[in-house]
1. Just the accessible area per residue of region A:1-47, please: how many Å² with a 1.4 Å probe?
2. Beyond 29 Å between alpha-carbons counts as too far, so tell me which of B:K8/B:K432; B:K17/B:K432; B:K181/B:K432 fall in that bin.
3. Set the Förster distance to 51 Å, then compute FRET efficiency between A:L195 and A:M146 from the Cβ-Cβ distance, nearest 0.05.
4. Can you put A:R81, A:R196, A:R136 in order of accessible area, largest first, using a 1.4 Å probe?
5. Using the Cα centre as the reference, give the magnitude of the dipole from point charges on the C-beta atoms of region B:288-468 (Lys, Arg: +1; Asp, Glu: -1; all else neutral), rounded to the nearest 20 debye.
6. Measure nothing fancy, just the Cα-based angle from helix A:121-133's long axis to the longest principal axis of chain A, in degrees from 0 to 90, nearest 10.
7. Taking the solvent-accessible surface of protein heavy atoms with a 1.4 Å probe, what is the per residue accessible area of region B:1-145 in Å²?
8. Just counting partner chain Cβ atoms within 10 Å, what average do the residues of peptide B:148-159 show around their Cβ?
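The values are calculated or read from the model by the stated rules, or taken from the named source; none is laboratory data. Everything numeric here is computed off the predicted structure, so don't read it as measured data. Don't worry about glycine lacking a Cβ; one is built from the backbone with ideal geometry, like all the others, and counts go over all protein chains shown. All accessible areas refer to the heavy atoms of the entire protein, side chains included, with ligands and DNA or RNA removed. Shrake-Rupley method; radii C 1.70, N 1.55, O 1.52, S 1.80 Å.
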Amino acid sequence: MPIEKILAVSGTALPVRGTNIDTDRIIPARFLRSVSFDGLERHLFEDDRAQAGESHPLSNPAYHGATLLVVNANFGCGSSREHAPQAIRRRGIRAVVGESFSEIFFGNSVALGLPCVTVTPEAATDLQSAAEGEPRTSFTLDLQTMTISTATVSFPAHLPAAAREGFLDGSWDATGLLLERYTEVRHVADRLPYLRGWR
Amino acid sequence: MPSTLLEKVWNAHAVRKLPNGQTQLFVGLHLIHEVTSPQAFDMLRGRGGQVMFPDRTIATVDHIVPTKDQRRPFLDVMAEDMLSALERNCREAGVRMFDLASGSQGIVHVVGPELGLTQPGMTIACGDSHTSTHGAFGAVAFGIGTSQVRDVLASQCLALEPLKVRRIRVDGQLGSGVYAKDVILEIIRRLGVNGGVGYAYEYAGDVIDNMSMDERMTICNMSIEGGARVGYVNPDDTTVEYLRGRRFAPQGDEFERAAVWWRSLASDGGASFQDEVSIDAGAIRPTVTWGINPGQSVYVDERLPKPSTLPREEREAVEEALTFMGLAGGDPIAGTRIDVAFVGSCTNARLSDLREAARVIQGQHVAPTVRALVVPGSQAVRDAAEREGLHRVFLSAGFEWRGAGCSMCLAMNQDRLEGREVCASSSNRNFKGRQGSPVGRTLLMSPAMVAAAAVAGEIVDVRTFSRAH
Ligand code: SF4
């Protein structure tokens, strides 16, 4: 696995407003009927888009090519389906900025190299308004300075230290790390009462 | 130093502190199913890895199985592909699987406990958010994504941030017609759908102490709907007696030694919690959700919130939910017409749930406008229910009696809502589109309330319904 550092994400932004946007809305369950993640991006927010018609930001060609997604509170709540961040990432999004995220969604995103940073509710709304007012506005999320900015405004962003470090030094993919110490793992297993016949 | 169960179990499974501050945690039991595991096996193969502890992973099939005609190959080609992929992966990796022919197949969170695989003190992971269910035994159990399923297959470990613990005490006495489902809906309504982010919920107090394991599982199951990835109950006599004699529980002398360890894991008196919440059980009434997340609920004798009377920040979300649901603020929830009644899911499809639903409908008939189905949580639940004759009660009342699976909880199979149908459901999520129709509508409630609604054709208070019939 080549080490890929993620220091910053720049580009235009897709604003998706709403609190508690759950994983069933991000990617409805019927699209999970597959043994791979291929093609999921086509169904991102599919039912929301159908119900909102042209007014859903994802249906608006002005946001085509956006690399940042700006959301509100408790984004990604609900199921553990990694299909949700997979669909987002496969659509070209490289970072998500929002008020807060569900824990499982956040962890799944880290595992894919998709940073989810939090900002204040006011900042989230301002960033969404900026993208809505001028979809070609360029944003930069800098993980070194932990700021999200446009040419005119800048807001502090937050990311738990462990996740941030992982992106900065390229160790966000945990598998390699977890495989390093087999003897120590074996040792823990051998000490657990339920794995040693309750002796 | 006095510690919580979470700390004890965490420390027993901690391999090391990772350079980034996370803990590398050993996973004692890994459960897999057909939806979130095939990509994980592919990723593992792509890296030339193999399953490190194949005997600590157990598979079953639940989300996509048809609940009517289960003959293989399934008529649904996609479902057949997904099951075949799971079978192939398990065979190649040497992972034990409880398939349709095993007699032990069912929803992964129903099967683990009833087989005695789920035990106190274990760390349990599964690519499914309702893994929190297993916390009812005093295990530390959480849902993970597919990349993490790959990590567990490869290393039997996960990299995790430590969790804070919130103790939620439920004391007093539950009224008749008020169930574990109502307790957890109450907790979610009070603490919010994201109130538990970063926390493990420890459920305690007289009411929890007096609950059966089935009821404790219902509570822990929906921890995730409150944002808490982990929920647990301290192991006690009820836990130990539930496990005695189960197929994969320790036997004989080993069981007695195990029981000593299990009991020792309960949070110590004097353990400190980051937060404590107290709930008076006597005040809880049968609860029904009216919106598009499980926190949007009212008691069955209450009215829906009126957006105009709410503070600005809440108004928009309530309006969105009412509009989607086609309900009017200020209206009573009782009397809301339903089209479908679903008794099922990992929240409420165990034997005791089916008994309660059957008791309510005994000698009555489903309303002519309602399609009603009972989907047992596992083949074992189905068999046990049939031994008691519950299936006859359901069938003669006009319910369909199905094979075990997730069914209409998320409709990855043939069971789903059509169009704008309204479903009274004993499941756990009322998200937009959850039950298969993008515009279908779900009202969550206890199995007894679903049963009463099926007969009445509308939402009714099970407390007065049962008295009147
Ligand atoms: S019953 Fe529903 S919530 Fe439970 S595992 Fe199946 S789909 Fe998920």
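1. Dividing the accessible area of region A:1-47 by its residue count gives 40 Å².
2. Pairs exceeding 29 Å: B:K8/B:K432; B:K17/B:K432.
3. According to the calculation, E is roughly 0.75.
4. I get A:R136, A:R196, A:R81, largest accessible area first.
5. 240 debye
6. Tilt relative to chain A: about 50 degrees.
7. Normalised by residue count, the accessible surface of region B:1-145 is 30 Å².
8. The mean count of partner-chain Cβ atoms within 10 Å per residue comes to 6.
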